[in-house]
4 protein chains.
Amino acid sequence: MLQETLVRVLYANQDLPKQSLVKFTWGNVSERDEETGYIVIKPSGVEYDELTTDHMVVLDLDGNIIQGNYRPSSDTKTHLEVYKAFPQVKGICHVHSTYATAYAQAGMPILAFGTTHADYFYGPISCLRVLKKEEIEDDYERHTGLIIVDHFKKHDIVATPGVLLHGHGVFTFGKSAKDSVYHAVVLEEVARMNYLTTQINPQAKPIPQYLLDKHYLRKHGKNAYYGQGKSHE
Amino acid sequence: MLQETLVRVLYANQDLPKQSLVKFTWGNVSERDEETGYIVIKPSGVEYDELTTDHMVVLDLDGNIIQGNYRPSSDTKTHLEVYKAFPQVKGICHVHSTYATAYAQAGMPILAFGTTHADYFYGPISCLRVLKKEEIEDDYERHTGLIIVDHFKKHDIVATPGVLLHGHGVFTFGKSAKDSVYHAVVLEEVARMNYLTTQINPQAKPIPQYLLDKHYLRKHGKNAYYGQGKSHE
Amino acid sequence: MLQETLVRVLYANQDLPKQSLVKFTWGNVSERDEETGYIVIKPSGVEYDELTTDHMVVLDLDGNIIQGNYRPSSDTKTHLEVYKAFPQVKGICHVHSTYATAYAQAGMPILAFGTTHADYFYGPISCLRVLKKEEIEDDYERHTGLIIVDHFKKHDIVATPGVLLHGHGVFTFGKSAKDSVYHAVVLEEVARMNYLTTQINPQAKPIPQYLLDKHYLRKHGKNAYYGQGKSHE
Amino acid sequence: MLQETLVRVLYANQDLPKQSLVKFTWGNVSERDEETGYIVIKPSGVEYDELTTDHMVVLDLDGNIIQGNYRPSSDTKTHLEVYKAFPQVKGICHVHSTYATAYAQAGMPILAFGTTHADYFYGPISCLRVLKKEEIEDDYERHTGLIIVDHFKKHDIVATPGVLLHGHGVFTFGKSAKDSVYHAVVLEEVARMNYLTTQINPQAKPIPQYLLDKHYLRKHGKNAYYGQGKSHE
C-alpha cells in the first residue's frame, strides 16, 4: 500500500541522522512503491526531526507529482533515472557522509581491502567522473543520474550497490529504502577503515578474489549460509 | 524586540556545545538587534549550561554597555569592528572547533573540494595572517577585527561567510546568530572532509568553477530551487 | 549452571555495540560452560537489541547443537577450534572494530608502543596470513581456527590474548565471555593510539622489554599489585 | 574539611569518563586537603561508576594510609613526590587519553601551535625520558614522580601544568582535583588539534612568543581580563 511506503520512506530518512550519515538536511532517501510503481521521496530542505508522512512527495517515473504539497528533493531527477533504468532497484539513498565524501572529493575508488567490504559489496566501489559544463548547464541532476546508469550498465547494481560522485557524495541502492540506508552505513564504515588501512600501509593490497567470493557468497545467493535464512533486513 | 534578540543569542550560544563546536567556554555568538542597532553578545567565561538571558550583554557599536551586569566576551571588539564595517552581517560566531582550528594553526585555506563546501561557501575559506607585535600591543581584539574587515573589503562576506585566523580559530557570519552558528557547523565539517581528502590524495584538486557556481546558485540567489522557498534557517 | 552461562553470553554480546566495537550484527562472543564443557554462542545475523537467552545456541566441541532453535554464528567453527586446542580459553570475542580491522587490512602487527598495551598484552599483537584458496574451499571457518591455533602453539594465548586476521578482523580471548570483550576494547584503543603514534612519528619505537615486563607483571601473576586483589573483571 | 575533599576527589574522578579521558579504570585524580595536608586519592582498579567517598584513600605525604579500606591507586607514589616538591600543586590527574598518549608514545612534545594552547599552557608540553631499568627495578612509581619533579625544577608547574611520560601517558596539575582534570581535557584537545595541524602542514610553526604571551596573560595573572574576575573553575 502506498501509505505504508510513505511510512517506510519517512523512517528511512529519519534514520540518516541517527546513523551519523548527515548533518542538517544533507541527504535523501526514496523508495519505489511496488503496487503503483510510483516513487516516494523526501521533500527538499526539511529537517529530519520535523518530517512526517505528510511531507513525503509521490511522483511517477517522469517526475509528475502525484501526491504531496512539498517540493521533492532537489536530487529527485537523479533518483528517477536510476529507477527507470534498473527495475531491480527499489530504494535509493544519497548522502554526503564524511569518509565516503572524502573519497569522492579525492576522486578515488574504495577498494576491497577486507571482508567487511566483501560481505556487502562484490568488488571496488567506483568514483565516477565530474560532469561536464554542458551537462550541468543542460540538467545537472538528470545527467548525474545518467552517468550512474551508464556505469551500472557495465556493473551489477545489486552486487555492488553503491557509487561515488567525484567532488560530490555517494549514492547507494537496495531492495527497499531501509536497505539502501543500510548500504550507506556499510559504505561509510568501509571507507573509514580503508582510509586508515592505506595510512598505516600505503602498499596495502585488496584481498584476493577467492576471499572476496567466499565472503560475498556466504551472505548472498542461493548457497548463502549467514543469518537465519533471511536477509539482514 | 531587544528581549527576543537576547533569547535568540542565548539559544545560539547554547547550540555551540550541542554541535560539538566548543569545549568549556571556548566560543561566543552575537547578533545585531534590528530595531535598536545594538549588539547582543555572550558574557566572558560563563559556562553554556549556566547561561540565561540575564547574562547577555547589550552594547552599542562603540562598545558602550547599554544593558547587562556581566563583562562581555573578551572577543567583543572583534565582533564590533565587523558589525561596523558590514551592515549586512547580522550574526557572528567565533569558535575553536577542532578541524577548522587545525587549518588555522597550519596557516592553510580550506579549498572548495566538493559540493558540500559549494552549497554554503562560494569559494575558498581564507586563512588571514598572524597579527604583528605592535597590533597586539596596541589592541589585540580590535586589530583582529580590522584584518577581518580588510579581507572582506575584497571578498563577499555574505557569499563566503567564514574566515580562519592563523594560529587562532574561526569566525563565521550570517543573517542571524543562529545562521552564523549554522555556518560554523558547515565550515567544521568541510574542514574535516578536506583534511581526509588531502590525506587520501595529496594531488586532489578543487571542483571546477562551473560546478561551484551550480551548487552555490541552486541554493542562493533569485534562481535558487533548493528547499521550500525559504532559506535553511 | 548452563542457564547462567547463557545470560553471561547474552550480556557480553549486548556489550559489543555499547563499546562501539560493532555495527549491525558484525561480531560474536562465546563462552565455555564450566560444568558441561559446552560452548554457548550468539546466533547468526540477529541484531543485538533483539537478542534474548532463547536465541543463544549451545554446542558441544564437535559442533553438534545441544540446545537452541537458531543457527549459530557463521564463525562458530573458528571458536570451536580454539576451545578444543586451549582449555585455558573460556571466552572468545570476534569483531571488525575499526582500528583493529584497519591493522588487519594493512597486514601489520600492533606493536607495544606504550604501557596501555603492556598492561594487557605481553608483547606485539600479530597479524596472521591470508588463508589459501584450498583452505577456503575446504572449510573457511575451520581453517581460520586452525591458523589461530597454530599461532598460539608458539605464543601464550593468556599473556597475549588477541590476534589479527589479514584482510578480515580480530579475535580476542579471555577467562570468560566478558573478559574477551574487555580485551577487544583494549585492543581497539591500543590500535587507535598506535595508529596516531606512527602518524606523529614514523620512527617511533616499541617500549623496552623491561618496561613491558614491569607493566604487565604489576597487573598479572603472583606479584601483581594493581587493583584490590582481584582482576579487572 | 577532609570530608569535603573526599567528595571533590570523587567527583573529579567520576568526571574522567564523562570527559572521554579514560576507558575502564585507566586514570586517577588526587587532591591535597588544605586543612590537614593529607592527600586524597582514588583506590586502585575500581570502576568509576562504582566509586563512592568510602572508596577514597587518605594518605600522608610519606604514603602512610590515614583513612580508607582500599589500596590506593598504583600510581600513588608518583602523586606524592609531586605534592612533596611543589606546595603550590593542590590537584593531580593522570590519564592515558588517546591523543596525549599518542604524543607520549611518539616521544614528542606538544608545541604551542595556537591560542587554544596558549590560553592554558605557557609554552610547549614536554615529553620526559623513559625510565632506566635500574629506576624501574628500584621503585617504578616513585622514580616516575622524581623525573617529573626534576623537570619542574626547571619549568613553572603552574604556568605549564602538564607533562608527557614517554611510552606511558600524561600527568596534569592544578589548584584542585577539578582544575587538574580541566587541564587534562585541554591538553587532550590541544594534542588532537596539533596532530591534525602537522598532518595538514608538516612545516607548521609554533605561534610567536608575543602571541603566546598575549593569550596566556589575558587569562592569567594580575592583568587578566578574561572571564568575570574569577578563574575558569
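Brief remarks on what is shown
- Residue within region C:197-208 that is more than 9 Å from chain D (Cβ to nearest Cβ), touching a residue at least 40 places away in the same chain (Cβ under 8 Å) and in contact with a helix residue (DSSP H, G or I) (Cβ under 8 Å, 6 or more places away or on another chain) present: no
- Sole residue being out of contact with any Cys (no Cβ under 8 Å at 6 or more places or on another chain) and modelled with pLDDT under 95, chosen from D:GLU141, D:GLU137: D:GLU137
- Test for B:PRO202: is it open to solvent by 50 Å² or more (accessible area, probe 1.4 Å), touching a Leu at 6+ places or on another chain (Cβ under 8 Å), over 17 Å from B:CYS93 (Cα atoms) and not polar (S, T, N, Q): no
- Residue tally, condition surrounded by 18 or more Cβ atoms within 10 Å (Cβ to Cβ) and touching a residue at least 40 places away in the same chain (Cβ under 8 Å), over region D:125-140: 1
- Filter result for A:VAL163 (more than 14 Å from chain C (Cβ to nearest Cβ), under 13 Å from the mean Cα position of the chain (by Cα) and either in a loop (DSSP other than H, G, I, E, B) or surrounded by 22 or more Cβ atoms within 10 Å (Cβ to Cβ) (or both)): yes
- Verdict on D:TYR70 being modelled with pLDDT of 95 or more, of a type outside the set (Gly, Ala, Ser), open to solvent by 30 Å² or more (accessible area, probe 1.4 Å) and over 30 Å from B:LEU164 (Cβ atoms): yes
- Looking only at region B:166-211, residues that are assigned to a helix (DSSP H, G or I) and either under 22 Å from B:LYS18 (Cα atoms) or among the hydroxyl-bearing types (Ser, Thr, Tyr) (or both) come to 21 in all.
- Qualifying residue in region C:190-198 (condition: open to solvent by less than 10 Å² (accessible area, probe 1.4 Å), in contact with a Ser or Thr (Cβ under 9 Å, 6 or more places away or on another chain) and among the polar types (S, T, N, Q)): yes
- Restricting region A:138-160 to residues that are among the charged types (D, E, K, R) and either touching a helix residue (DSSP H, G or I) at 6+ places or on another chain (Cβ under 8 Å) or more than 13 Å from chain B (Cβ to nearest Cβ) (or both), the residue that is farthest from A:GLU34 (Cα to Cα): A:ASP139
- Criterion violated by D:ILE65 - all others in (1) out of contact with any Asp or Glu (no Cβ under 6 Å at 6 or more places or on another chain); (2) crowded, with 19+ Cβ neighbours inside 10 Å; (3) of a type in the set (A, V, I, L, M, F, W, C) satisfied: (2)
- When region B:178-189 is filtered for residues that are more than 21 Å from A:TYR99 (Cβ to Cβ), among the charged types (D, E, K, R) and open to solvent by less than 30 Å² (accessible area, probe 1.4 Å), only B:ASP179 remains.
- Residue match in region C:158-180 (condition: farther than 28 Å from C:TYR11 by Cβ, of a type in the set (Val, Ile, Thr) and touching a residue at least 40 places away in the same chain (Cβ under 8 Å)): no
- Wholly within region C:1-106, strands (runs of 3 or more DSSP E) carrying at least 2 residues that are farther than 30 Å from C:PRO124 by Cα: C:57-59, C:65-67
- Condition met for C:LYS77 (among the basic types (Lys, Arg) and open to solvent by 10 Å² or more (accessible area, probe 1.4 Å)): yes
- Output for region B:1-24, where each listed residue is open to solvent by 10 Å² or more (accessible area, probe 1.4 Å) and within 14 Å of another protein chain (Cβ to nearest Cβ): B:ASP15, B:PRO17, B:LYS18, B:GLN19, B:SER20, B:VAL22, B:LYS23, B:PHE24
- Selection within region D:209-233 - at the interface with chain B (Cβ under 7 Å from one of its Cβ atoms), modelled with pLDDT of 90 or more and open to solvent by less than 40 Å² (accessible area, probe 1.4 Å): D:LEU211
- Residue match in region A:170-187 (condition: facing another protein chain (nearest Cβ under 7 Å) and touching a His at 6+ places or on another chain (Cβ under 9 Å)): no
- All of (1) within 23 Å of C:LYS214 (Cβ to Cβ); (2) surrounded by fewer than 24 Cβ atoms within 10 Å (Cβ to Cβ); (3) more than 13 Å from chain C (Cβ to nearest Cβ) hold for D:GLY45 with one exception: (3).
- Residue check, A:ASP60 among the acidic types (Asp, Glu) and either under 27 Å from B:ARG192 (Cα atoms) or within 14 Å of chain B (Cβ to nearest Cβ) (or both): no
- Within region C:80-102, tally of residues that are closer than 26 Å to D:VAL95 by Cβ and open to solvent by 10 Å² or more (accessible area, probe 1.4 Å): 2
Here is a yes/no grid of residues against (1) under 17 Å from the mean Cα position of the chain (by Cα); (2) within 14 Å of chain A (Cβ to nearest Cβ); (3) closer than 24 Å to C:LEU2 by Cα:
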{"position": "C:GLU81", "(1), (2), (3)": "yes, no, yes"}
{"position": "C:PRO87", "(1), (2), (3)": "yes, no, yes"}
{"position": "C:ALA106", "(1), (2), (3)": "no, yes, no"}
{"position": "C:GLY114", "(1), (2), (3)": "no, no, no"}
{"position": "C:SER126", "(1), (2), (3)": "yes, no, no"}
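The values are calculated or read from the model by the stated rules, or taken from the named source; none is laboratory data. Keep in mind that what you see is a predicted model, and the values were worked out from it rather than measured. No Cβ is skipped: glycine too gets one built from the backbone with ideal geometry, and neighbour counts run over all protein chains shown. The area values use the complete protein model at the heavy-atom level, side chains included, leaving out ligands, DNA and RNA. Shrake-Rupley method; radii C 1.70, N 1.55, O 1.52, S 1.80 Å.
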